[in-house]
Amino acid sequence: MKRFKVFRVLLLIFCFFIGLGALYGGTAMLIKPDGSLLRMESMLPYFQVLPFADILFQDYTFPGIALIIVNGVSNLTAAVLILCKKRIGYVLGTIFGFTLMLWIIIQFVIFPANVLSTLYFIFGALQLIVGYVALVSYNQVNFKFSEDGYQYIDKNSKTLVVYFSRMQFTKRIAYVKANREHANIVELKTKERTEGTLGFWWCGRFGMHKWPMETYPLDVDLNKYSKIILVTPIWVFRMCGPMRDFIAKNKETLKNKEIEVVFNHFNPWLPKGAIKEIEKDIKISKVESKTTWLGHTFNL
Ligand SMILES: Cc1cc2nc3c(=O)[nH]c(=O)nc-3n(C[C@H](O)[C@H](O)[C@H](O)COP(=O)(O)O)c2cc1C
């Protein structure tokens with residue numbers, strides 16, 4: 001995925017830049033604790049408002065050590081973990097963006113306004129954003145769903161699970177549900193573009209306009225089933241476009257069935273409008289709501 005590659009490199013640049021910079025600054029402070037190597041002698045009085053200043057801030061030894069640990073070793077560790085393809089590297093890289101912002105907030109409080117602090121605060125914020133996007137992308141790239149192991153799915157069941165899923169998060173929920181209910185399962189497919197970043201925006205367009213997204217006919221006969229479980233991700237506070245299309249095309253048939261709906265979403269709450277939209281056409285006997293974050297579904 002292109003987005004992942006770009007943001008991975010950007011995060012690495014931030015981690016190395018901040019990490020090496022902090023290592024350089026901290027070492028310079030330790031070599032010359034009076035701050036003369038960095039021409040920071042005149043800044044020392046500003047530190048005196050901090051707690052324990054009489055012990056910790058009489059020279060640059062403690063600030064140097066703190067800088068090396070908090071912004072130096074930390075960011076370099078994150079960078080190495082990212083290079084070793086470890087997920088924790090992305091988590092740490094994101095957290096250390098936030099740490100840098102906190103560090104600079106202390107500087108905002110004790111130093112007079114200056115360009116360098118403002119710039120580094122912006123770097124921290126950017127690192128946080130870049131790290132988060134890289135982490136989300138990492139999870140998307142590495143999320144693998146296998147249909148194996150759902151041994152109770154039954155093609156001859158009277159219950160059918162119908163689902164749509166872009167990134168397979170909703171697919172996993174649908175499979176767990178079908179397995180529990182010993183139901184049959186079928187996927188809604190569309191010829192519209194739904195994959196990748198472009199697909200996200202394209203789906204967003206359908207979501208914003210509450211448009212149905214045309215789906216291919218299903219290769220199952222709905223009349224065979226007495227209960228149908230619809231499993232849909234939320235797109236812009238409503239069901240996804242393909243599910244809207246499926247309901248619109250089959251509402252007369254669905255009216256005679258027991259209908260359950262499972263919504264999957266990112267926000268920790270389910271927008272009530274999503275239920276209401278479906279209830280305009282069909283009666284729902286049970287609603288479930290799942291929250292998925294970074295590939296992890298709570299209450300799965
Ligand atoms: C176009 C689009 C719009 C979305 N809008 C919302 C939203 O309004 N609220 C929300 O909680 N999640 C929203 N999401 C997030 C998805 O519901 C969530 O990521 C879900 O896990 C996706 O499942 P899937 O990958 O199986 O399709 C949106 C996702 C897409 C693609």
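No lab work stands behind these numbers, since they all come straight from the coordinates. Because the structure is predicted, anything quoted here is derived from the model rather than measured. In this analysis, Cβ positions are derived from the backbone assuming ideal geometry, glycine residues included, and neighbour counts consider all displayed protein chains.
Numerical summary
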{"quantity": "Backbone HN-Hα couplings from phi across segment 139-151 [Karplus 6.51/-1.76/1.60, Hz, Gly and Pro as x]", "calculated": "5, 5, 5, 9, 6, 10, 10, 10, 6, 5, x, 9, 6"}
{"quantity": "Segment 172-256: chymotrypsin sites (Phe, Trp or Tyr not before Pro) in DSSP coil with no more than 13 other Cβ atoms inside 10 Å", "calculated": "none"}
{"quantity": "Between helix 241-255 and the chain: long-axis angle, C-alpha atoms, 0 to 90°, nearest 10", "calculated": "30 degrees"}
{"quantity": "Contact order normalised by residue count of segment 159-297, Cα under 8 Å, 6+ apart, percent", "calculated": "24 percent"}
{"quantity": "Percentage relative contact order, the chain, counting C-alpha pairs under 8 Å, at least six apart", "calculated": "13 percent"}
{"quantity": "Vicinal HN-Hα couplings computed from phi for segment 288-293 (Karplus, 6.51 cos²θ - 1.76 cosθ + 1.60; Hz; Gly/Pro x)", "calculated": "10, 9, 10, 10, 10, 10"}
{"quantity": "Part-to-part distance (alpha-carbon centres) for segment 141-164 and segment 241-300, which is given in Å", "calculated": "17 Å"}
{"quantity": "Difference of contour (0.36 nm per residue) and Cα-Cα distance, Trp201 to Lys224", "calculated": "4.6 nm"}
{"quantity": "Long-range HN-HN contacts of Ile229 with modeled amide H, under 5 Å", "calculated": "Leu160, Val161, Val162, Glu260"}
{"quantity": "Backbone HN-Hα couplings from phi across segment 53-69 [Karplus 6.51/-1.76/1.60, Hz, Gly and Pro as x]", "calculated": "4, 5, 9, 8, 10, 7, 9, 8, 5, 5, x, x, 4, 4, 4, 4, 6"}
